[in-house]
Amino acid sequence: MQKKKVLPIIVISQFFCTSLWFAGNGVLDELISDFDLNSQALGHLTSAVQFGFILGTLVYATLMIADRYSPSKVFFFSSLLAGIFNLGMLWEGNSLYSLLGSRFLTGFFLAGIYPVGMKIAADYFKEGLGRSLSFLVGALVLGTALPHLLAGSSLFAQWKWVIITTSLLSFAGGTLIVLKVPNGPFRSPAQQPKLLEAFTIFKNVKLRKAAIGYFGHMWELYAFWAFVPVMFKTYKDIHGGVLSTSLWSFIIIGIGSIGCVIGGLTSERFGVKKIASWSLLISCICCLSSPLFFYQPSAIVFLLFLMLWGMTVIADSPLFSTLVAQHAEGPLKGSALTLVNCIGFAITIFSIQILNTLQMSISHSMIYVTLAIGPVIGLSVLYKK
């Protein structure tokens with residue numbers, strides 16, 4: 001299949017399938033009401049998806065599933081299983097623990113979607129990989145934001161339809177990949193799984209630096225995304241107003257797709273590492289300056305600030321993944337991408353839970369300064385000689 005036809009299919013499929021990621025977040029208020037959950041459910045349900053994704057990526061990486069088997073088939077079966085477990089939220093007898101189980105299993109099989117989608121793209125594109133992955137991660141961003149848009153739409157008055165729709169989209173995305181995207185021309189399949197071999201990738205200094213930059217970015221990213229609705233609530237508590245939390249959460253998260261595309265295009269001219277570093281630096285500045293914007297009275301200024309943060313917090317993600325893919329040895333490329341994803345998402349749990357704990361004891365406007373820790377470490381390692 002021609003490359004120009006492959007990339008749009010991968011992008012659309014990724015968008016459809018990753019709508020599962022924040023499906024619970026998009027209907028959190030309804031879940032809290034219907035199943036009598038507490039206010040900390042946001043952090044717990046988000047962390048459950050991350051935990052599932054971590055275990056999933058560890059299993060996929062150590063067994064080299066995406067390298068040993070057809071990535072398109074792995075993507076397909078993962079999308080079916082993730083969508084099925086997402087539907088578990090519809091059970092009327094749910095408690096917090098059963099909801100956590102549903103989100104955990106959804107996250108587990110998302111490990112066969114997001115990193116495997118990047119693997120499929122890497123199998124088709126050597127030149128221009130940064131741009132290709134930028135479109136792919138842009139699709140992830142829109143998919144992540146989609147449940148907020150669906151939840152705020154008058155067409156989805158019942159929250160259960162948001163869950164059903166995201167599962168159907170996942171089924172469609174997986175089917176599209178398996179029918180339309182065969183194995184890529186640059187695929188180098190591994191023959192047998194070696195449990196610890198995937199971990200040898202960190203002996204490569206350039207890959208290790210790129211991975212640590214990615215880890216610093218991940219410390220900030222999912223905590224920011226998870227708490228965007230909380231940010232709007234905090235601002236409304238301070239100033240009043242009628243900002244639509246669902247709509248603006250979709251916009252602030254979704255605008256990151258534009259950041260990904262801009263980052264990918266500019267990286268071809270100025271270099272992948274340089275653009276990734278600039279994006280990480282700007283989002284770090286947003287973390288540190290965030291308290292100032294909660295207390296200024298202009299809602300427009302506050303929204304513009306969050307839009308800038310939403311663009312830069314994710315723009316470096318495909319670029320760091322590009323650096324990892326470029327420095328990984330051929331047969332282990334899929335496992336390298338998956339393993340780095342695994343560690344990165346493990347880090348997100350700590351930052352999410354830190355915010356979840358801090359919001360109970362200090363001003364909500366101050367807690368996001370802690371998200372700067374990751375970018376600071378990432379930038380210092382990237383340019384360490």
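The values are calculated or read from the model by the stated rules, or taken from the named source; none is laboratory data. All of these numbers come straight from a predicted model, not from anything done at the bench. Don't worry about glycine lacking a Cβ; one is built from the backbone with ideal geometry, like all the others, and counts go over all protein chains shown.
Here are the numbers for this structure:
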quantity	calculated
The stretch 235-274, residues that are assigned to a loop (DSSP other than H, G, I, E, B) and among the β-branched types (Val, Ile, Thr)	Val242, Ile255
Cβ-Cβ under 9 Å pairs, at least 6 apart or on other chains, the stretch 362-380 side of a type in the set (A, V, I, L, M, F, W, C), far side in a loop (DSSP other than H, G, I, E, B)	Ile367/Gln359
Lone qualifier among Ile84, Ile54 - being surrounded by fewer than 20 Cβ atoms within 10 Å (Cβ to Cβ), part of a helix (DSSP H, G or I) and out of contact with any strand residue (DSSP E or B) (no Cβ under 9 Å at 6 or more places or on another chain)	Ile84
Residue in the stretch 112-121 that is assigned to a helix (DSSP H, G or I), in contact with a helix residue (DSSP H, G or I) (Cβ under 8 Å, 6 or more places away or on another chain) and over 30 Å from Glu268 (Cα atoms) present	no
Residue within the stretch 49-62 that is touching a residue at least 12 places away in the same chain (Cβ under 8 Å) and more than 19 Å from the chain's Cα centre (by Cα) present	yes
Residues within the stretch 363-385 that are surrounded by fewer than 15 Cβ atoms within 10 Å (Cβ to Cβ), under 23 Å from Gln40 (Cα atoms) and modelled with pLDDT under 90, tallied	1
Failed item in (1) more than 28 Å from Leu58 (Cα to Cα); (2) of a type in the set (Asp, Glu); (3) at pLDDT 90 or above, with Asp237 passing the rest	(3)
Among (1) at pLDDT 90 or above; (2) closer than 27 Å to His327 by Cβ; (3) surrounded by 24 or more Cβ atoms within 10 Å (Cβ to Cβ) - the single one Thr266 does not satisfy	(3)
Residues satisfying the stated conditions in the stretch 220-246, i.e. surrounded by fewer than 21 Cβ atoms within 10 Å (Cβ to Cβ) and over 21 Å from the mean Cα position of the chain (by Cα)	Lys233, Thr234, Lys236, Asp237, Ile238, His239, Gly240, Gly241, Val242, Leu243, Ser244
Only listed residue being more than 27 Å from Lys233 (Cα to Cα) and out of contact with any Gly (no Cβ under 6 Å at 6 or more places or on another chain), chosen from Ala372, Ala328	Ala328
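This table checks each residue for (1) under 15 Å from the mean Cα position of the chain (by Cα); (2) surrounded by fewer than 18 Cβ atoms within 10 Å (Cβ to Cβ); (3) closer than 22 Å to Phe345 by Cα; (4) of a type outside the set (Asp, Glu).
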residue	(1), (2), (3), (4)
Gly254	yes, no, yes, yes
Gly271	no, yes, no, yes
Lys274	no, yes, no, yes
Gln296	no, yes, no, yes
Met311	yes, no, yes, yes
Thr322	no, no, yes, yes
Ala325	no, no, yes, yes
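Let's see how each residue does on (1) among the β-branched types (Val, Ile, Thr); (2) within 18 Å of the chain's Cα centre (by Cα); (3) modelled with pLDDT of 90 or more:
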| residue | (1), (2), (3) |
| --- | --- |
| Phe108 | no, yes, yes |
| Tyr124 | no, no, no |
| Val137 | yes, yes, no |
| Ser153 | no, no, no |
| Gln158 | no, no, no |
